[in-house]
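Below is one structure, written out as structure tokens; the observations come after it.
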Amino acid sequence: MATILIVEDEIPINELIKRNLQSVGHTCISVFDGRAAIHELVQHEVDLVLLDVMLPEIDGYEVFQQIRETPTIFLTARSSLSDKVKGLTLGADDYLVKPFEMLELLARVDAVLRRTKKESKKFELDGVKIDFESRQVFLNEYLVECTPKEFDLLEVLVNNRNIALSRDKLLELAWGYDYVGDTRTVDVHIQKLRKKLDMECRIKTVYKMGYRLEV
């Protein structure tokens, strides 16, 4: 997993981001102003920076000018088109407007890490090996045949491991916004994944909500 620097001056938001990133396996470093961010990046190599724009000491845009070589996602309450264009024109990898859902942040972090080749393209757990590039799944070294949607659902669970996802959210992430169907589709696919991958104890049912992959 990746080492991520969180530069956010609002302590509750900083801590919330840190907890969610750590829950899926990332290592996090938190700082609360621009000067501390620059100092931290001089001292340590990180894979990604989550950078607030409105910071004490030195603002996020100025910080970014000094850390261009490090993949960066701007986090900001500034939602105007001109602010987004400025952030992306400077060379940031993404721009996320507050308030945002943690699932969206995790998805964007995953996307940037994949693009910058810092995120592993494989995942292993209890004899299950997943190769995201080839879209192949193995159990105890034997290839397991998964349908495209079973693989999509498994990938969503892995990318959001240790996070409870509602059936509606799983439909949205694995099937897409335009899917027309009911949530029983999720239940059927979950049961198939549990059986095929011997993951009854890992893919947990969250009462009256949905499912969670426990790692």
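The values are calculated or read from the model by the stated rules, or taken from the named source; none is laboratory data. For clarity, every value in this text was computed on a predicted model and none was experimentally measured. Every residue, glycine as well, gets a Cβ built from its backbone with ideal geometry; the counts of neighbours run over all protein chains shown. Please note that ligands, DNA and RNA were not included when accessible areas were found on the heavy atoms of the full protein model with its side chains. Shrake-Rupley method; radii C 1.70, N 1.55, O 1.52, S 1.80 Å.
Mind telling me which of Leu21, Leu173, Leu50 comes out most flexible in a GNM of the chain, alpha-carbon contacts under 10 Å?
Of the options given, Leu173 has the highest mean-square fluctuation.
Return the long-range amide H neighbours of Ile29 (sequence gap of 5 or more, or a different chain), with a cut-off of under 5 Å between placed amide H atoms.
Hits under the 5 Å cutoff: Ile4, Leu5, Ile6.
When averaged across all projection directions, what area in nm² does the alpha-carbon convex hull of segment 67-162 cover?
Averaged projected hull area, Cα only: 7.8 nm².
Keeping all protein chains in place and using 1.4 angstrom, which order do Glu40, Glu141 fall into by accessible surface area, from largest down?
Sorted by accessible area, descending: Glu141, Glu40.
Give the carbon-plus-sulfur fraction of the accessible surface of the chain in %, rounded to a whole number; probe 1.4 Å, heavy atoms of protein chains only.
Carbon with sulfur: 50 percent of the solvent-accessible area.
Quick one: compute a quarter of the convex hull surface over the Cα atoms of segment 100-215 and quote it in nm².
7.5 nm²
Order Thr70, Thr205 by their accessible area, 1.4 angstrom probe, all chains in place, largest first.
Largest to smallest exposure gives the sequence Thr205, Thr70.
What angle, in degrees between 0 and 90 and rounded to the nearest 10, separates the Cα long axis of helix 34-43 from the longest principal axis of the Cα atoms of the chain?
With both axes taken from Cα atoms, the answer is about 70 degrees.
Using only Cα atoms, find the angle between the long axis of helix 81-90 and the longest principal axis of the chain, and express it within 0 to 90 degrees, rounded to the nearest 10.
So the inclination is approximately 90 degrees.
Per residue, how big is the convex hull around the C-alpha atoms of segment 1-146? Give it to me in cubic angstrom, could you?
Taking only Cα atoms, segment 1-146 has a hull volume of 120 Å³ per residue.
Enumerate the calculated ³J(HN,Hα) couplings along segment 46-53 in order (Karplus 6.51 cos²θ - 1.76 cosθ + 1.60, θ = phi - 60°), each rounded to whole Hz, writing x wherever the residue is Gly or Pro.
Karplus values, whole Hz, x for Gly and Pro: 10, 8, 7, 10, 9, 10, 5, 7.
Would you please give the residues with an amide H less than 5 Å from that of Gln136, counting only those at least 5 places away or on a separate chain, with H modeled from the backbone geometry?
Asp131
Starting from the amide H of Met54, placed 1.01 Å from N in the peptide plane, find each other amide H under 5 Å away whose residue is 5 or more places distant or on another chain.
Those qualifying (amide H under 5 Å, at least 5 residues apart or on another chain) are Gly60, Ala77.
Report the gain in length on full extension from Gln191 to Ala77: 0.36 nm times residue separation, minus Cα-Cα distance, nm rounded to one decimal.
37.0 nm
Tell me, what is the FRET efficiency for Asp126 and Thr89 to the nearest 0.05, using R0 = 41 angstrom and their Cβ-Cβ distance as r?
The calculated FRET efficiency here is 0.35.
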